[in-house]
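Notes follow the structure.
The values are calculated or read from the model by the stated rules, or taken from the named source; none is laboratory data. Being a predicted model, the structure only gives us computed values, none of them experimental. Here Cβ is always computed from backbone atoms with ideal geometry, including for glycine, and neighbour counts include all displayed protein chains. Surface accessibility is based on the protein's heavy atoms, side chains included, excluding ligands, DNA and RNA. Shrake-Rupley method; radii C 1.70, N 1.55, O 1.52, S 1.80 Å.
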Amino acid sequence: MKVLKKNPEKCIACHACEETCSKLYFKEENREKACLRIKETDSYPEITTCTQCGVCIDICPVVALSRDKRGIVRVEKKKCVGCFMCVGFCPEQAMFMHDDYIEPFKCVSCGQCVKVCPTGAIYMSEE
Amino acid sequence: MILKEYKYELGKIERGYNNRSLYINLSDNTIKEKEVTQFMKDKFIGGKGFGLWYLWNAVTPETKWNDPENEIVIAHGPIAGITQYPGSGKSLVVTLSPLTHMPMDSNVGGYFGPYLKFSGFDALELQGKAEKDVIIFIDGNKGIVQIMESDIEEKDSHLIAEILTERFAKDEEDKKNVSVVSTGSAADHTLVGLLNFSFYDIRRKAVRLKQAGRGGIGTVFRDKKIKALVVRFEGTKGNLNNAADQGKINRTGIKLHREICLLDDKQNRMRKIGTANIIEIMDQYDLLPTHNYKFGSHKDTYKISSDKFQARVTQGLPDGCWYGCSLSCAKAADDFIPQTGPYKGQKVIVDGPEYENAAGLGSNIGVFDRDGVLELNFYCDTYGVDTISFGTLTAFIMECYENGILDKEKTGGLELYFGNKEAALELLHQMARGEGFGKIAGLGIRRMKEIFIKEYGADPDFVNDIGMEQKGLEFSEYLCKESLAQQGGYGLTNKGPQHDEAWLIFMDMVNNQIPTFEDKAEALHYFPMFRTWFGLMGLCKLPWNDIVPENNKYTDEPAKIPEHVQNYVDLYNGITGKNIDKHELIRQSERVYNFQRIFNIRMGYGKRIHDKIPYRAMGPVTEEEYLSRQERYDKQLKELLGLDPENMTTQEKMAALRKYREEQYEKLTDAVYARRGWTKDGVPTIEKLKELGMDIPELIEVVKKHL
Amino acid sequence: MIMVNGREFPWEEGMTVKRLLELKQYTYPRITVKINGEIIREEEYDTRTINDGDNVQCLHLMAGG
Ligand code: SF4
Ligand code: SF4
Ligand code: SF4
């Protein structure tokens, strides 16, 4: 399974990854709609990514979360009832909500963000 | 066979309201829509408020519970049906109770309420009586309501709910879109019948039941010859309420999900064991009702402690009674095999156990046997018997039995001493069959007292002291002898001694945070009003204070959980687009609370005399009780009354203590009435009604006669 | 003598918060302890001693029903 990994020491907080991600999925450059997050701190930036751990799968009351063939945890929007329990219970805080949508969204390990990262602060890894 | 079909336009919920309700009369099969007016929304908000208002208009002071004009109203509330905030799927059921002859209200989970809302209705009013058993079906996607003749042979809820879920769901996937309301065979023969609201558990692939337990609502349901109500709605989403500000609701919900995720394990472990978590705590603080509330603890409590139940609750995954409840107290024991009764030897699911059941079906009747509790719990639910009333009335019977008021002859052979699990189970089976002593037991404590006095020559003082009922309703399962405030929390209520208005035992007895009468009165004003609000909205009480923010203890009023109160204000404003604050929240409740009080008065009750409680709730009735806690009571005589217990007989000491405690209760009553804006007789004053904007002519007319 | 929840309670030499909770049989897991108004962190229950005359509050934040 390909998982998005991070290396905060290399991150320069250019936010290119976030913009690419939101553009890809929501056709709009909006960091609040990205499936990963970069947050400036006093030290290295904090990078929030999904580890594909699957904790959220058991939380969902309607079984709208499951692993696809690649092992990646996906949200089945049609089934989702928008309770956002998965958001609250994600240990990485990597399941997201935006006011414009009534379903949560998360990283699907597509790797597009990795391609635009100038420093290699995020990368795909086979787990 | 379909007796009547009605088609309606599908609607859209606007900011939490459909602005219409559904009315069904079973005597002539009328089905119609009614407008939910601005007046109703302003004064009664929704949920229980709507239920009480519809009932008020349906009945007269002479109406009896089994008259056709009595109604069962099921309503949710403006916030109900959101999926983001834990505990937002409750239905409120209101009817004239066969036990109290007054309006009863019960708060219940399951998917019926939300699906009724999504189908287009803010309330369902059921009036009249059918000739033969009927099933009422609401198809919330097609806009069809049907009354059909029932062809269901099965008599008990776990089967009825399963069969109807199967029948009305298109396929397995669709089962979660169906919810069934039903009761069981005992509702035909007793006055303590309950209603089971179902939801489909997609992981277990089984129908689960939640109970509208108190006050005999199931009995009324069967009296109307309703076999079941079924609603089907496909297409649940998180935004069907068309909230004014959905984002605000989402964020408020996520905040609480996070809090529960991080803190529940450290706090109440609701996700792991549900409300059963407090059994052993109640025992340690001498508050667990034992042997008909004689004592507050027992050496065998460890046999029914929460870890014993946890070991039996199979599915590791927490489950809620509506989507989005991350507190998930809805536990179940799978593959339970009853040892007695019609389902003996079959594998069944027992929903629960909740604390109340473990106490009522366990310690209070002396059954310190986990599987015994589970079996009683299973049969109570499926037969449609309120577990709390059953526990408390069986405890009463057992004490009467041990005191010679009853014997084997009178009970038809049942040896109903404390701890006799087999006899308790058989009593329950008799209730379901409408046979033997079970029929008498099923009348509830108030009527049993009359029978025991009149026919068995029981000492009236004694049975009135030990019969733990008030207003006709059996007490719920907390021992309140040492907490005056909780005595008020039970006694000074609208529907009877259920602790859902106020639970003040620790605040009062242990923490000593409300020492004066004024303090207690303030608590007995604020908490009942605050908790009433859940019933107006379609919310569950548990996520308010069974989880608290980490910094709660640093707030000015930790007992109120200020951050959560603000969450509720935000939810209401987020849904409706209004801008209330925490004070207006209390006023919303006060309007309905006072209305309910006046409704009681209109029915011939609701006065000071009806707020008295049996002495067993206040202090030691028997020498056995006094002596078991002698040190405590002697100390009180010395410190509070300046008496010298050394020179007194036990009888003298008991009499002195009793006089003192009864006076205290009277003083508390005075203080609480004053705080609530009522006269000394417990009647809301006209000034109070004016202040609340409830000076509606028909209310004034009722109170005027009593001022 | 100390005050515990507004009622007198005998003090003993070297009494820690933990010891007091044991003596009072306060077994409830969610108790906020205050000494003279100051909130004591749970980690300190073992070591924090109570002085004679202190005003102690052991607040059980118990939800109930
Ligand atoms: S969203 Fe969170 S819980 Fe779900 S797989 Fe990713 S990291 Fe795990
Ligand atoms: S928001 Fe959707 S995916 Fe997440 S737990 Fe709720 S229903 Fe499942
Ligand atoms: S806390 Fe329990 S009863 Fe309340 S809504 Fe959640 S699951 Fe239902």
Task: Area buried, chain C against chain B - accessible surface, total, 1.4 angstrom probe, square angstrom - done: 2000
TODO: Sort the following peptides by mean Cβ neighbour count (other Cβ atoms within 10 Å, averaged over residues), highest first: C:50-56, A:11-17, B:157-163.
DONE: B:157-163, A:11-17, C:50-56
- [ ] Per residue of B:505-514, count partner chain C-beta atoms within 10 Å of its C-beta, then hand back the mean as an integer.
- [x] 5
TODO: In debye, nearest 20, what is the charge dipole magnitude of the stretch B:524-595 about its Cα centre with +1 on Lys and Arg Cβ and -1 on Asp and Glu Cβ, if you could check?
DONE: 260
Task: Whole-Hz ³J(HN,Hα) from phi, Karplus 6.51 cos²θ - 1.76 cosθ + 1.60, for the stretch B:480-497, glycine and proline x - done: 10, 4, 9, 10, 4, 4, 6, 4, x, x, 8, x, 8, 10, 7, 9, x, x
Open item on the list: Averaged over its residues, how many other protein chain Cβ atoms are within 10 Å of peptide B:245-256's Cβ atoms?
Closed with: 4
Open item on the list: Here is the link list: B:176/B:225; A:106/B:176; B:272/B:294; A:33/B:248; B:34/B:688; B:272/B:308. Which ones come out longer than 19 Å on Cα distance?
Closed with: B:176/B:225; A:106/B:176; B:272/B:294; B:34/B:688
- [ ] Could you run the Karplus curve 6.51 cos²θ - 1.76 cosθ + 1.60 with θ = phi - 60° over the stretch B:162-172 and give me ³J(HN,Hα) per residue in whole Hz, x for Gly and Pro?
- [x] 5, 4, 6, 4, 4, 5, 8, 8, 5, 7, 4
Open item on the list: Please list, in order along the stretch B:58-72, the HN-Hα scalar couplings obtained from phi with the Karplus expression 6.51 cos²θ - 1.76 cosθ + 1.60 (θ = phi - 60°), rounded to whole Hz, x for Gly and Pro.
Closed with: 8, 10, 10, x, 8, 4, 9, 4, 9, 6, x, 6, 4, 10, 10
Task: Alpha carbon centroid spacing (whole Å) that separates the stretch B:231-305 from the stretch A:36-55 - done: 32
Open item on the list: I'd like the distance between the alpha-carbon centres of the stretch B:592-610 and the stretch B:154-181, rounded to an integer number of Å.
Closed with: 39
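Hey, what's chain C come to in accessible area per residue, 1.4 Å probe, Å²?
Working: 3410 Å² over 65 residues.
It amounts to 53 Å² per residue over chain C.
Using the heavy atoms of the protein chains alone and a 1.4 angstrom probe, what is the accessible area of the stretch B:228-307 per residue in square angstrom? Present the calculation step by step, with values, prior to reporting the outcome.
Details: 2560 Å² over 80 residues.
Roughly 32 Å² per residue, with all protein chains present.
Pop the C-beta distance of residue B:461 and residue B:667 into the FRET formula with R0 = 22 Å and round what comes out to the nearest 0.05.
0.40
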TODO: Out of all DSSP beta bridges with both ends in chain B, state the antiparallel percent to the nearest 5.
DONE: 85
Task: Rounded if a/c under 1.5, otherwise prolate or oblate - the stretch C:2-60, Cα gyration tensor axes - done: rounded
Open item on the list: Among B:220-231, B:338-349, how do they line up by average Cβ neighbours within 10 Å per residue, starting with the highest?
Closed with: B:220-231, B:338-349
Open item on the list: Below 15 Å, Cα to Cα, which aspartates and glutamates can residue A:2 reach? Residues fewer than 8 away in the same chain don't count.
Closed with: A:68, A:126, A:127
TODO: Under 15 Å Cα to Cα from residue B:690, which aspartates and glutamates show up? Leave out anything in the same chain fewer than 8 places away.
DONE: B:42, B:590, B:698, B:701
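Among rounded, prolate and oblate, which fits the stretch B:2-232 when a ≥ b ≥ c are the square roots of the eigenvalues of its C-alpha gyration tensor, a/c under 1.5 means rounded, and a/b larger than b/c means prolate? Provide the component values of the computation, followed by the final result.
Working: a/c = 1.32, a/b = 1.05, b/c = 1.27.
Rounded is the answer for the stretch B:2-232, as its axis ratio a/c remains below 1.5.
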TODO: Once you have a ≥ b ≥ c as the square roots of the Cα gyration tensor eigenvalues for the protein assembly as shown, tell me rounded if a/c is under 1.5, and otherwise prolate or oblate according to whether a/b is larger than b/c.
DONE: oblate
Open item on the list: Here is the link list: B:90/B:205; B:90/B:612; B:132/B:421; B:32/B:64; B:90/B:560; B:43/B:175. Which ones come out longer than 26 Å on Cα distance?
Closed with: B:90/B:612; B:132/B:421; B:43/B:175
- [ ] Scan around residue B:143 for amide H atoms under 5 Å from its own, H built in the peptide plane at 1.01 Å from N, and keep only partners 5 or more places away or cross-chain.
- [x] none
- [ ] Measure out, as a whole number of angstrom, how far apart the alpha-carbon centroids of the stretch B:1-66 and the stretch A:78-127 sit.
- [x] 44
Task: Theoretical FRET efficiency, 1/(1+(r/R0)^6), r = Cβ-Cβ of residue C:39 and residue B:30, R0 56 Å, to 0.05 - done: 0.35
TODO: Within 10 Å, count the other beta carbons around each residue, average over each peptide in C:7-13, B:355-361, and list them highest first.
DONE: B:355-361, C:7-13
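Rounded to the nearest 500, what is the protein assembly as shown's calculated 222 nm mean residue ellipticity when only DSSP H runs of at least 4 contribute -39500 (n - 2.57) each, over all residues?
Working: 31 runs with 316 residues, N = 899.
Result for the protein assembly as shown: -10500 deg cm²/dmol, rounded to the nearest 500.
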Task: Charge dipole of the protein assembly as shown about the Cα centre (unit charges at C-beta), most positive-ward option of C:6, B:503, A:84 - done: A:84
TODO: Would you mind telling me the share, in percent, of accessible area of the protein assembly as shown contributed by carbon and sulfur at probe 1.4 angstrom?
DONE: 48
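For a Förster distance of 60 Å, can you work out the FRET efficiency between the beta-carbons of residue A:53 and residue C:19, rounded to the nearest 0.05?
On the way: r = 43 Å, r/R0 = 0.71.
For residue A:53 and residue C:19, the calculated efficiency is 0.90.
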- [ ] Run down the aspartates and glutamates and flag those whose C-alpha is under 13 Å from the C-alpha of residue B:117, throwing out any fewer than 8 positions away in its chain.
- [x] B:14, B:139, B:234
- [ ] Compute the acute angle (0 to 90°) between the alpha-carbon long axis of helix A:16-26 and the principal axis of greatest extent of the alpha-carbon atoms of chain A; round to the nearest 10°.
- [x] 30
